[in-house]
1. Nearest 10 degrees is fine. How inclined is helix 231-243 to the longest principal axis of the chain, computing both from alpha carbons?
2. Hey, got the dipole for segment 27-288? About the Cα centre, +1 on K and R Cβ, -1 on D and E Cβ, debye to the nearest 20?
3. Once phi is turned into ³J(HN,Hα) by the Karplus curve 6.51 cos²θ - 1.76 cosθ + 1.60 with θ = phi - 60°, what whole-Hz value does each residue of segment 78-93 show in order, with x for glycine and proline?
4. Of all beta bridges DSSP finds with both residues in the chain, what is the antiparallel percent, to the nearest 5?
5. Quick one: which residues, 5 or more positions from ALA88 or on another chain, have an amide H under 5 Å from its amide H? H modelled 1.01 Å from N in the peptide plane, none for Pro or chain starts.
6. Give me, ordered by chain and number, the residues 5 or more places off VAL104 or on other chains with an amide H under 5 Å from its own placed amide H.
7. Beta carbons within 10 angstrom, averaged per residue: use that to sort the peptides 104-116, 60-72, highest first.
8. Based on the mean of other beta carbon atoms within 10 Å per residue, what is the order of 255-266, 157-168, most packed first?
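What follows is calculated from the coordinates using simple rules that are stated; it is not laboratory data. What you are looking at is a predicted structure, and each value in this text was computed from that prediction instead of being measured. Note that each Cβ is placed from the backbone with ideal geometry, even for glycine, and that neighbours are counted across all protein chains shown.
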Amino acid sequence: MADLDDIRDGREYGVGVAQRTDGFFLKGSNNLDWGMKDRLSRIFNPATGRTVMLAFDHGFIMGPTSGVERIDLSIVPLIEHADCLMCARGVLRALVPPTSRKPVCLRSDAGTSILTELNHNVVIDIQDAVKLNASAIAVMVSVGDAATEAETVANLYQAVDAGQASGIPVMGVTAVGKDMARDARYFGLASRLCAENGANIVKTYYTEGFEKVVACCPVPIVIAGGKKLPELEALDLAYRAIQSGASGVDMGRNVFQSEKPAAMIQAVGAVVHQGLKPAEAFQMFNDLK
Ligand code: 5RP
């Protein structure tokens, strides 16, 4: 029988003090379920609303490209400086220490390499993302590529259904269609399409007029770094994207192919979270290096 004698009458009801009902800090995410918000709060720092994702999923289409030949040597030492890790499941299981305590955005489509046609992809079973405790899954969409657009949009749609069922946010990754101009009109269309199909985060590329791309996308945008640039230019890219309203970066080559990757990711972090100007961040990079 329950021990009723030990139930004390409550006294601190706070009568007259309204219960706080806070909005969620992330654009377009207020109506999501608790689990989705919890996972998004691990990826995006609630204090700044931004994130530095470290992308090292390149091997899943490119093989051992420069900087990711030995993830254990080049990437693992950078993990402590990242807000979130973006990689494929094989590398995650084989090389990323589960003691890292970092959220993972799991690359969740597969199917082709750079040796054949890109993007005829399938989406991994959501149960594997659940088992890996993924904080988000990433799926590529080839807007404007006649051969693969419908298939990749369907992949995204299916991933969103599966993600919703398990409380896992989906990041739509815009792959630039072969014949598309890399301008704000194209990235605005591609980003919006991802969001309209249910993506909770969109990853795209910075371009002139990026503020319009961000303004018409109802969910947070992070930018890819793209090809390796001189450090100052990469910091300038990150700065412009953030000033245009991006919620962070998902950067790979401009970090792990840098002369000093640990210094670079910290300098990128200062641009993203503290709003350092490119010259200040470059100074920081040089000091750390
Ligand atoms: C490719 C990806 C890559 O992870 C992405 O492009 C980020 O890497 P980088 O900064 O090297 O461009 O999602 O689809």
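1. So the helix axis and the longest Cα principal axis differ by about 50 degrees.
2. Working: 24 positive and 27 negative charges, 84 e Å.
I would put it at about 400 debye.
3. Running phi through 6.51 cos²θ - 1.76 cosθ + 1.60 with θ = phi - 60° gives 8, 4, 4, 8, 9, 7, 7, 10, 10, 7, 8, 5, x, 5, 4, 5 Hz.
4. Antiparallel bridges make up about 10 percent of those DSSP assigns within the chain.
5. ARG107
6. Residues meeting the criterion, in which the H sits 1.01 Å from N, are LEU85, SER135, ALA136.
7. 104-116, 60-72
8. So the order, starting with the most tightly packed, is 255-266, 157-168.
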